[in-house]
Amino acid sequence: MRLKTGTAYSFRKTHQALTKPMSPQLFKIIATFFLAYLIFRVFTAWILPMIARWYINRYKKRFYEQNPHAKKAGERHRHGSMHITYTDDTGKADTGKLGEYVDYEELNNNDQQPE
């Protein structure tokens, strides 16, 4: 049977189709997708960053164990920053970080011979 548009019969059928209660199977599908969406959101917002942080810290620790000469970010000093080392009451200065002595000789510009 073919419905004619604009009749009361077609309006009643359309209204009944729209007001029909949702089937339990369709409700289960929608609920499953909604639950999967919530689990995905929680996983990407909380659990995934925790796992990434754990892996990064693990590999960072392994790197510094294998390369003890590499300084950690907190141990570095900025270029040009000042670090003050205080001496003991004995008056001896800490010469451990001074480096080695380099002997140099002054040159006068008058001593150079023209080519």
Alpha-carbon radius of gyration plus Dmax, which is the widest Cα pair, for the stretch 15-72 in Å: 23.9, 78
Label-point separation (nm) for A36 and N110, each offset 7 Å from Cα along Cα-to-Cβ? 9.3 nm
For the stretch 18-28, Karplus couplings with θ = phi - 60° (6.51, -1.76, 1.60), whole Hz, Gly/Pro x: 7, 9, 5, x, 5, 6, x, 5, 5, 5, 5
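Taken together, the values in this text are just the output of simple stated rules run on the coordinates, not laboratory data. A quick note: this is a predicted structure, and the numbers were derived from the prediction, not measured. Don't worry about glycine lacking a Cβ; one is built from the backbone with ideal geometry, like all the others, and counts go over all protein chains shown.
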